[in-house]
Structures are given as structure tokens and as C-alpha cells.
1. Summing -39500 (n - 2.57) over the DSSP H runs of n ≥ 4 in the chain and dividing by its residue number, what mean residue ellipticity at 222 nm do you reach, to the nearest 500 deg cm²/dmol?
2. Can you order the peptides 83-90, 157-164 by their average number of other Cβ atoms within 10 Å per residue, highest first?
3. Starting from the Cα of Lys251, draw a straight line to each of the lysines and keep only those under 29 Å, dropping any in the same chain fewer than 8 residues away.
4. Under 20 Å between alpha carbons, and skipping anything fewer than 8 positions from Lys116 in its own chain: which aspartates and glutamates qualify?
5. Go through 145-151, 195-201 and give me the packing order, highest mean Cβ count within 10 Å leading.
6. Just want to confirm a number: the relative contact order over the chain, from Cα pairs under 8 angstrom separated by 6+ residues, in percent.
7. About the Cα centre of the chain, how large is the charge dipole given +1 on each Lys and Arg Cβ and -1 on each Asp and Glu Cβ? Please answer in debye to the nearest 20.
8. Between 0 and 90 degrees, rounded to the nearest ten: what's the tilt of helix 222-234 against the longest Cα principal axis of the chain?
Amino acid sequence: MNQLNESTPQPNPFLPEPARIVRLYDLTEDVRFFQIRLAEMDKALSFTNRPGQFAMISVLGAGEAPFSISSTPSRPGLLEFCIRKAGVLTNALFNLKENDLIGLRGPYGNGFPIEKMIGKDILIVVGGLGAAPLRSVLLYCLDNRDQFGRVSVLYGAKRPAEMIFREEYLSLMKREDLECHLSVDKDETGEWTQNVGVVTTLFPKLSKVDPQNTVALVCGPPVMYKFVIKEFVKLNIPKDQILMTLERRMKCGVGKCGHCAIDYIYTCLDGPVFTYWDVLHMRELI
Ligand SMILES: Cc1cc2nc3c(=O)[nH]c(=O)nc-3n(C[C@H](O)[C@H](O)[C@H](O)COP(=O)(O)OP(=O)(O)OC[C@H]3O[C@@H](n4cnc5c(N)ncnc54)[C@H](O)[C@@H]3O)c2cc1C
Ligand code: FES
């Protein structure tokens with residue numbers, strides 16, 4: 001018999017799995033929290049991802065786009081996303097209700113190198129919607145607290161009302177096994193009790209950093225990277241221990257279409273997490 005006939009068909013990498021919206025609520029005026037479960041329970045329970053990976057989410061008739069998985073793999077079964085209303089697909093997502101079905105495929109991308117981070121101090125710097133992918137790694141560190149050294153978070157948002165998971169972070173500040181500092185660029189409410197200023201103004205508040213033993217993570221709006229990386233470099237954190245998650249326009253998410261390519265790098269496969277070392281050796285990455 002022809003050997004080709006015997007080969008089992010390869011699974012279609014573009015086939016989304018049906019997933020149900022379990023819970024949704026607004027995080028800010030234009031960012032909504034979506035808690036999702038794959039419709040087939042065995043698939044929901046066996047779904048594994050690494051913090052920093054993303055999934056492709058689709059709505060019938062509206063399209064598909066990549067979104068960072070914001071939940072931690074240490075709490076399996078449910079997947080969480082923070083989604084900003086931006087265009088056709090996200091508007092369609094905002095029209096959905098709890099119990100509605102969407103499509104989901106993934107997880108994709110490299111994610112954070114957790115194995116290399118074990119035993120190290122973790123310094124997380126978040127700006128705006130960067131809270132989506134970094135929440136996954138922060139919750140992972142907190143769920144596996146004994147595997148990491150000191151864990152510190154610096155989180156900046158434009159205004160208090162735009163700080164995603166504001167209440168969650170305010171209560172995290174009370175934990176003794178975590179150093180957490182919050183800042184807003186502007187406060188018109190007069191009720192904000194934390195720092196006012198861009199996120200880099202939080203660096204002087206950090207307790208002493210042991211640079212060789214620190215892995216520093218940053219995600220936020222493009223303008224933020226240059227300034228935050230400057231602070232990491234001032235602290236003498238090695239370039240290959242500075243990790244950033246970057247966004248590029250993506251279509252397939254699986255290295256087939258070339259939409260996300262920069263030189264010979266496909267950001268959907270080789271990213272979205274890069275080291276500062278990678279960035280220095282690649283044009284146009286940030
Ligand atoms: C790895 C990764 C992770 C992401 N994670 C998140 C997340 O956690 N949360 C989240 O909210 N978003 C996330 N995004 C961004 C999200 O995928 C996009 O905002 C997506 O395009 C929204 O789809 P849409 O159809 O609603 O908007 P679109 O119709 O795609 O429009 C979105 C915006 O992009 C502009 N735009 C459209 N086409 C182009 C183009 N060709 N070139 C330049 N600009 C264009 C539009 O004018 C609009 O302002 C992520 C992106 C990547 C790559
Ligand atoms: S998004 Fe298609 S190759 Fe990366």
C-alpha cells in the first residue's frame with residue numbers, strides 16, 4: 001500500500017476550538033476582562049501554557065486577533081484575557097455576553113523562560129495594558145513563591161481609572177513577600193494615595209537590587225521601553241536578563257504568513273518575549 005495513504009492527517013493549525021465566556025467585567029472604560037473555558041472539558045483541563053504566551057481569539061464574521069493570556073498556568077481550567085476595544089474584532093467581543101461562544105487557538109509564542117527565572121529575584125515593570133501578559137507571570141511567581149527570590153512590581157498607568165486590576169494591586173501592596181509600588185501620570189480625583197509621575201519615578205523606591213541575580217521584565221506602551229531599559233541598565237542588570245514582551249501585527253500566529261517578520265525573525269514564533277540582548281542585535285524591534 002502507498003505509504004502516503006497511511007499517514008495520519010496533520011491537525012489543522014488554523015482550526016479554532018469553541019470556548020465559552022464564563023465571566024466578563026469592565027476593567028476600565030475601554031478594557032474588559034474575559035474569563036473563558038474551552039467547551040470540551042478534557043481540553044480545558046489539559047490546556048497548558050507558559051506565562052507570556054498568547055492565543056488567537058475569533059468571533060464568527062468579525063475575524064481573529066492575538067491576545068496575551070493573562071491567567072497563570074498554575075490555575076488550570078480557565079483562561080483570562082484583558083481586551084481593549086480597538087477595531088472590528090474587539091468591538092464584536094464587547095457585544096458578547098457570558099455563556100456566548102468564541103473561537104480560540106493556541107497557545108502560541110515563546111513566553112517567559114520560567115526555568116531560567118527560578119531561584120532569581122524578579123523585577124516586573126508594567127505600563128498600561130502591559131498588565132495583561134505580566135499578570136500571568138506575576139501570579140505564577142506568587143503561586144510558586146518558594147521558587148523565586150525577591151519579587152518586585154512597579155506599575156504605572158495614565159490615571160487611577162485606567163489602572164487595570166487597581167484593587168488587586170492595592171491589596172498586593174499589603175503582602176510581605178512582595179514589593180509593589182504604583183504610580184499614575186496624573187490624578188484629577190484627589191483620592192489617589194500612591195505615587196504620581198511616570199513609572200520610572202518608582203525606581204528610587206525599590207529596595208536594593210542584586211543585579212546579577214535579577215531577571216527584569218517590562219511590558220507597556222512602546223514609548224516606555226527606552227526609559228525603563230535605561231533604568232535596568234543603570235542598575236547593572238545583565239542585558240540577557242532583561243526581558244520584554246513586544247507586539248507586532250500578526251495574522252496566523254504560527255509562522256506561516258510572514259506578517260510579523262522582522263528580518264529573519266518571526267515574532268509569533270521567536271517572540272513575543274525578547275531579551276534586551278536580542279533587541280540590540282535586531283533592527284526595528286523597538
Ligand atoms: C502578541 C500579542 C498580544 C496582544 N495582546 C493583547 C491583549 O492582551 N489585549 C489587547 O487588547 N490587545 C492585545 N493585542 C493587540 C490586538 O491583537 C489588536 O489590538 C487587534 O488588532 C485588535 O483587533 P480588532 O479587529 O479589534 O482591531 P483592528 O481592526 O485590527 O484595529 C486595531 C487598531 O490597529 C489599527 N490598525 C488596523 N490595521 C492596521 C495596520 N495594518 N497597521 C497599523 N495599524 C493598523 C486600527 O486603526 C486600530 O487602531 C496583542 C497583540 C499581539 C501581537
Ligand atoms: S503571524 Fe504569521 S508568521 Fe507570524
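Bear in mind that the values in this text are calculations on the coordinates, not laboratory data. Note that this is a predicted model, so its numbers are computed, not measured. Neighbour counts are summed over all protein chains in view; Cβ atoms, including those assigned to glycine, are modelled from backbone coordinates with ideal geometry.
1. Computed mean residue ellipticity for the chain: -5500 deg cm²/dmol.
2. In decreasing order of mean packing, 83-90, 157-164 become 157-164, 83-90.
3. Partners found: Lys43, Lys85, Lys97, Lys226.
4. Asp143, Asp146, Asp210, Asp240, Asp270, Asp278
5. Highest-to-lowest ranking by the protection proxy: 195-201, 145-151.
6. Relative contact order, the chain: 17 percent.
7. The calculated dipole for the chain is roughly 300 debye.
8. With rounding to tens, the tilt is 50 degrees.
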